[in-house]
Amino acid sequence: MPASFDTLVLNAQIATAADLYLADIGIKDGRITAIGTGLGSAADTIDARGRLVTPGGVDAHCHLDQPTGDGSRMADDFLTGTRSAACGGTTTVIPFAAQFKGHSLRAAVDDYHRRAEGKATIDYAFHLIVSDPSPLVLTQELPQLVAEGYTSFKVYMTYDELKLDDRQILDLLSVARQEGAMVMVHAENADCIAWLTEQMLDAGLSAPRYHAHARPMLIEREATHRAIALAELADVPILVVHVSGRDAVRQIRHAQGMGLKVYAETCPQYLFLTAESLELEGFEGAKCICSPPPRDKANQEVIWHGLDNGTFQLLSSDHAPFTFGGPTGKQVNGPNASFDKVPNGIPGLETRMPLLMSHGVAGGRIDVHQFVALTSTNAAKLYGLFPRKGTIAVGSDADIVIWDTDQPRTIRNELLHHAVDYTPYEGIEVTAWPAITLSRGVVVWQDGHYLGRAGHGQFLRCERPTPARMRGRGYRGPLWRP
Ligand code: URP
Ligand code: ZN
Ligand code: ZN
């Protein structure tokens, strides 16, 4: 008699965003087809006795092989980036197909598919970055792309080559409302940054540490407030990405308290790094240049609290991989470049889940259900991949992490699998790391060995997020509604 399953994961302590229970998981053709006990026979078995088993992570904010236009190059392509993700327990990534100003959005999507195909080792979807909301983009490309499974787009309020003004953001929010798409916002005030940067450079303050001084919290606060107001006016939800500290958190809490659908994401750099991380000797501080910048210990506490009290729905890596050495990374403009000429972003795909499991769950700051929600389930729900991704349930893809939770180790870049020559988390102790990662039923990481294959990863078309998540509160002002 043929085996009922390809794989049985036995004696799993299954944790989802809602439940914790002991059961076996039956996997057939990449999907979970049964959960229970005494399920029958399988070609392969994995004994998970005594181990926590969670859904594979969904990293809904990472940058892989994204064209930059300033001579720099991302170190990770879809092969090395997804490999690194898998080794850290992430089984789905959502990087960004980025439009260049003056170019078509469709062309950016086609190009990004070529970059991913045959390379991705785990499943992937795309967000869009809209840098040029022309009439063609707004009326034709975006509606078509949303219908084809690209249901989220990011708008930037900073970076000269990407930023949109308020009017353009309103136009995009309006398309999002009409098409049922999710708008992610990078909230920093570009003019304030430019003004401060100019003053600092005039005063000779150009070292990496001044990146943090040029982007203080109030410029994130102002932009967050403005983004929320624009979304309220357009009567559509937004998702504020990579929130760094107290000021933005207060704006988001206030909006959430008013009943607005304002979702929020934070990242490990705001829990584990501070502005002091940019003060390393010489140019080394450039390793931690990212935007918004990390703040201070007190703000780390605010972010931890926000993970626990529901302000944040997502913990993503914002993996933006540039090497420290070499001519196309952090030193693309030379080893003494001023802070404003250093590519922004830090790597973190592989360390995201172990850091949160170790310091969040084992550290007693959040429970395991919050961990699953923040690293997997909520991203799948907000970006239209649930229940295929983001949970352990019959019918879901067999994306599963079996955890090792009692083997302390120290994060060292040489142990990671990305193509970046450093990790900003070097030296941080963790107590948890995936023992086994399964991607659609295939073991891609086991006991310290990467077993994945380029091309195993499949492109995922995202559904529109569920209507309840997408309904605006309804703009309450006295104005005529478009
Ligand atoms: O510094 C960062 N965060 N770089 C990545 C691009 C972005 O804004 O997310
Ligand atoms: Zn951003
Ligand atoms: Zn980013």
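Derivation of every value follows stated rules applied to the coordinates shown; laboratory data play no part. Note that the structure is a prediction, hence the values are computed from the model and not measured. Neighbour counts are summed over all protein chains in view; Cβ atoms, including those assigned to glycine, are modelled from backbone coordinates with ideal geometry.
Label zone of residue 461 (point 7 Å out along Cα→Cβ, amide N under 20 Å): in segment 117-138 this covers 117-118, 123-129.
Helices in the chain, meaning DSSP H runs of at least 4 residues, each add -39500 (n - 2.57). Divided by all residues, the mean residue ellipticity at 222 nm is -7000 deg cm²/dmol. Taking amide H atoms as placed 1.01 Å from N in the peptide plane, the amide H of residue 366 lies under 5 Å from those of 361, each 5 or more residues away in sequence or on another chain.
Prolate is the label for segment 308-457. Its Cα gyration tensor axes, ordered a ≥ b ≥ c, give a/c of at least 1.5 and a/b above b/c.
Using the Karplus relation 6.51 cos²θ - 1.76 cosθ + 1.60 with θ = phi - 60°, the per-residue 3J(HN,Hα) values for segment 54-64 come to 10, x, x, x, 10, 8, 8, 8, 8, 10, 10 Hz, with x marking Gly and Pro. Taking Cα atoms only, the orientation of helix 105-116 departs from the longest principal axis of the chain by about 40 degrees. For residue 152, the residues whose amide H sits under 5 Å from its own are 128, 182, ignoring neighbours fewer than 5 places away on the same chain, with H placed 1.01 Å from N. The relative contact order of the chain, computed from alpha carbon pairs under 8 Å that lie at least 6 residues apart in sequence, is 22 percent.
In segment 57-373, the DSSP beta bridges split such that about 0 percent are antiparallel, to the nearest 5. Amide H contacts of residue 131: 99, each under 5 Å away and 5 or more positions distant or on a separate chain (H built 1.01 Å from N in the peptide plane; Pro and chain starts excluded). The GluC sites (Glu not before Pro) found in segment 60-169 that occupy coil by DSSP, while having at most 14 further C-beta atoms within 10 Å, are 117, 148, 161. Above 31 angstrom, tally the Cα pairs of segment 57-373 and express them as a % of all pairs, no decimals. Value for segment 57-373: 26 percent of Cα pairs lie more than 31 Å apart. Here the label points at residue 103 and residue 324, each 7 Å from Cα along the C-beta direction, are separated by 3.1 nm in the simple model. Residue order for 366, 169, fewest other beta carbons within 10 angstrom first, comes to 366, 169.
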